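Structure first, then comments.
The values are calculated or read from the model by the stated rules, or taken from the named source; none is laboratory data. Given the structure is predicted, the values throughout are model-derived calculations rather than measurements. Note: ideal-geometry Cβ built from the backbone for every residue, glycine included; neighbour counts use all protein chains shown. Calculation scope for accessible area: heavy atoms of the full protein, side chains included, ligands and nucleic acids excluded. Shrake-Rupley method; radii C 1.70, N 1.55, O 1.52, S 1.80 Å.
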Amino acid sequence: MSRSRVLFLALAIAAVAFSATLPAVSDSAAPSNELTGTVRGSDGKPLEGVAVSARADGSSVTTTVYTNQNGAYAFPKLDSGRYQMWAQAMGFDRPVAQAAVTAGSPAQQNFTLKSTPIVPRSLSSAEWMLSLPDDTSFDRRMKMVVLNNCSNCHLPANWLEKKFDEASWNTVLDYMEKIAPHGSVPENSAGDPEGHGVAGMPFPAGELDANGDPIGIHTKLMRFYRKDLITYLTTVAGPTAVKLQPKPFARPKGIETQIVVTEYDLPFNRPPGVGRLDPRTAKVASLANRDGKTIVQDAAIEPRNEYRSGSDWSWGTRDEHLERGAHDIAIGTDGNVYFGMNAMSEDPARNLIWYGAGRGFASLNVKTNEIKTYMGVSNALSHGTQVDSKGIVWGSLGTGWARLDPASGRVTEFKTLTSDTRPYDLGVDRFDNAWVSQMGLDALSVVDGRTGDVTEIRLPSPLKSADLRPEDIKIYKEVGSWDHNAAPGQLGPRRMVGDLTGDYVYSGLYWAGGIAQIDARTKKFVKIHAIPELRWAQPYKPMPDKNHQVWFSNSAADVLGMLNPNSGRIILYQLPTRGTNSRHLGVDNTTPVPTVWVPYTGAGKIARVQFRRDTSKD
């Protein structure tokens, strides 16, 4: 037998053995006395907001808690066994320890953290952006240009740590131009329109992209800002780059520390289909429809090193395309978390999970494992599905909406009033109206579920900034934006949601660092909830809970946000993994205090965030 086959067999056996030893995972976030301790600095003073993590030998689950104002921490009940532990905070070292946990017996593990210089590589993308020079108007403007044109395929933290000279940055941008998504909508919803900008604004005839096709929005913006980008990138990430002054987020304090984060590793190698994570056992399976039958296959979870897992921040942010994370998730009525498909949503009244199936919809019955597909959409669904109170399913697509009646299989389509605006995500409000976010137009549009009438609501844009130049406003108006590139000043309503028991609709403003709020009753814009701390964090998917608190993920910052739309208060909860690149959320309202689930697109995990206080009071 060849050495490669022997190695492959050994790895396969190790993965099976690893997954077979997965322990049961506690549902409770309540502190216990089975594993506690304190964290202090080398000066003996207690440190608040330090992440303390524990992972049992042979387990694929990591549990993290945070120290309080006295430097104390307490884990919830854990399975008996031997645990590797570590404590972590920006500006300190990362001590590691071993602890034995025995049910009913107290164990204590204290840590002393030594102060160290902050390694820029350990910053999240939003912290990198915050740390870039902003002394001049050019610098401040170029931070917007970088975020809007160089952050979607790879997080800035992944490439800002590299150093290239001017010629090398030119080569990078050459390649970016060639791979910029192209191809006309609606066949390819991510591809930008050929030969014209948002809303049909024509580009000069004969202007071609690097592939010889009529030029699109992505290439138009890249070429417009190319010279300034080369100058700026060579300055901040070149061989003799300016010295960076790291600006990490403040450590958690007060109620921000009162959480328990349980992170579940996902398999690198998993069969195609809908992924299913059982939070009680941490086991993962894949469900796929073959010849009308659902095939269920277990997926072995391979061990990950600390770089690939993101658990050691000093290793920096990975290339998320290699980590096999989860983009969308949905919480089943069986208590499992489903992932791995596009445009996922829940229909708890019917025990269904809905998701996009190319030019159609698909549903999975979590009680019977039956998968059904409903084809007939003219083009591929985009990023959103949601069911209304009558069981009608809506989906977003490149021209607007698709509506499915599952009883008859009939599909009806509706178009946005303004064409070529990149309808992205979809949400249904409590009045059974269906909304789409329009990234290219800074707008949201809604179909009246009763009459079929379409209304378009423009957001107040462009983003106000004294550093924008007249040419920026000109290209904003004449070119617009799409998925991967945007003119400075664009707001970028990307993913969105309707509150099924409230009166509002929300959208994360990807380019502007805020959450837009729309009144579903009046179909009027209400306000933008600006998040100064997360200006560069690219807020992504909002999700209201049963108390109307709005949770939101952030693709460029390793934090989970909560917005109280009544008071405007925003609370940020630190996630213990670097490079999460979270683009969706799930909220479990069946627990007394809602539980939030966060998929990590960039780190190959799904996290459960539990709260040790009543978040409805926040």
Between a residue in the range 45-58 that is of a type in the set (S, T, N, Q) and any residue that is surrounded by fewer than 21 Cβ atoms within 10 Å (Cβ to Cβ) and in a strand (DSSP E or B), which pairs come within a Cβ distance under 8 Å, given they are 6 or more apart or on different chains? 53/85; 53/86
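Among 165, 139, 135, 174, which is the only one that is more than 25 Å from residue 220 (Cα to Cα), surrounded by fewer than 20 Cβ atoms within 10 Å (Cβ to Cβ) and not aliphatic (A, V, I, L, M)?
Among 165, 139, 135, 174, only 135 is more than 25 Å from residue 220 (Cα to Cα), surrounded by fewer than 20 Cβ atoms within 10 Å (Cβ to Cβ) and not aliphatic (A, V, I, L, M).
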Can you name the residue in the range 45-65 that is outside any strand (DSSP E or B) and open to solvent by less than 40 Å² (accessible area, probe 1.4 Å) and, of all such residues, is nearest to residue 313 (Cα to Cα)? 50
If residue 334 satisfies all but one of (1) open to solvent by less than 40 Å² (accessible area, probe 1.4 Å); (2) touching a residue at least 60 places away in the same chain (Cβ under 8 Å), what's the number of the condition it fails? (2)
Considering the range 209-248 alone, what residues qualify as being acidic (Asp, Glu) and either touching a residue at least 40 places away in the same chain (Cβ under 8 Å) or open to solvent by 60 Å² or more (accessible area, probe 1.4 Å) (or both)? 228
Subset of the range 389-401 [in contact with a helix residue (DSSP H, G or I) (Cβ under 9 Å, 6 or more places away or on another chain) and surrounded by 14 or more Cβ atoms within 10 Å (Cβ to Cβ)]: 391
Does residue 321 satisfy the condition of being touching a strand residue (DSSP E or B) at 6+ places or on another chain (Cβ under 8 Å) and open to solvent by 40 Å² or more (accessible area, probe 1.4 Å)? no
Only one of 518, 528 is more than 21 Å from residue 586 (Cβ to Cβ), touching a Phe, Trp or Tyr at 6+ places or on another chain (Cβ under 8 Å), assigned to a strand (DSSP E or B) and of a type in the set (Val, Ile, Thr); which? 518
Within the bounds of the range 498-508, is there any residue that is acidic (Asp, Glu), open to solvent by 10 Å² or more (accessible area, probe 1.4 Å) and over 24 Å from residue 395 (Cβ atoms)? no
Would you mind finding the one in 432, 420 that is in a loop (DSSP other than H, G, I, E, B), at pLDDT below 95 and not aliphatic (A, V, I, L, M)? 420
State which residue is modelled with the lowest pLDDT when the search covers only the range 338-360 and only residues that are over 19 Å from residue 377 (Cα atoms) and assigned to a loop (DSSP other than H, G, I, E, B). 340
Within the range 187-224, the residues that are of a type in the set (Ser, Thr, Tyr) and either under 19 Å from residue 128 (Cβ atoms) or modelled with pLDDT under 90 (or both) are 189
Name the single residue that is surrounded by the fewest Cβ atoms within 10 Å (Cβ to Cβ) among those in the range 254-272 being within 20 Å of residue 56 (Cβ to Cβ) and in contact with a Gly (Cβ under 7 Å, 6 or more places away or on another chain). 266
Need the failing condition index for residue 231 against (1) farther than 30 Å from residue 70 by Cβ; (2) of a type in the set (S, T, N, Q); (3) within 21 Å of the chain's Cα centre (by Cα), just the number. (3)
Can you give me the ranges of the strands (runs of 3 or more DSSP E) entirely in the range 72-114 with at least 3 residues that are in contact (Cβ under 8 Å) with a residue 60 or more places away in the chain and surrounded by fewer than 16 Cβ atoms within 10 Å (Cβ to Cβ)? none
Residue, nearest to the chain's Cα centre (by Cα), within the range 584-596, restricted to residues that are within 14 Å of residue 328 (Cα to Cα) and open to solvent by less than 10 Å² (accessible area, probe 1.4 Å): 584
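Taking the stated definitions as given, is residue 541 surrounded by fewer than 24 Cβ atoms within 10 Å (Cβ to Cβ), part of a strand (DSSP E or B) and of a type outside the set (Asp, Glu)?
On the way: surrounded by fewer than 24 Cβ atoms within 10 Å (Cβ to Cβ): no; part of a strand (DSSP E or B): yes; of a type outside the set (Asp, Glu): yes.
The answer is no for residue 541.
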Being at pLDDT 95 or above, under 29 Å from residue 124 (Cα atoms) and open to solvent by 10 Å² or more (accessible area, probe 1.4 Å) narrows it down to one of 546, 527, 523, so name that one. 527
Could you list, ordered by first residue, the pairs with Cβ atoms under 6 Å in which the first is in the range 402-416 and buried (at least 19 other Cβ atoms within 10 Å of the Cβ) and the second is in a strand (DSSP E or B) and among the hydroxyl-bearing types (Ser, Thr, Tyr), at least 6 apart or interchain? 403/412; 404/374; 416/445
Determine whether the range 323-345 contains at least one residue that is more than 18 Å from residue 606 (Cβ to Cβ) and not β-branched (Val, Ile, Thr). no
Of the residues 382, 363, only one is open to solvent by less than 30 Å² (accessible area, probe 1.4 Å), more than 30 Å from residue 124 (Cβ to Cβ), assigned to a strand (DSSP E or B) and of a type outside the set (A, V, I, L, M, F, W, C); which? 363
Going residue by residue through the range 308-320, is there one that turns out to be part of a loop (DSSP other than H, G, I, E, B), acidic (Asp, Glu) and over 23 Å from the mean Cα position of the chain (by Cα)? no
Which residue is surrounded by the fewest Cβ atoms within 10 Å (Cβ to Cβ), if the candidates are limited to the range 549-571 and must be in contact with a helix residue (DSSP H, G or I) (Cβ under 9 Å, 6 or more places away or on another chain) and more than 19 Å from residue 497 (Cβ to Cβ)? 558
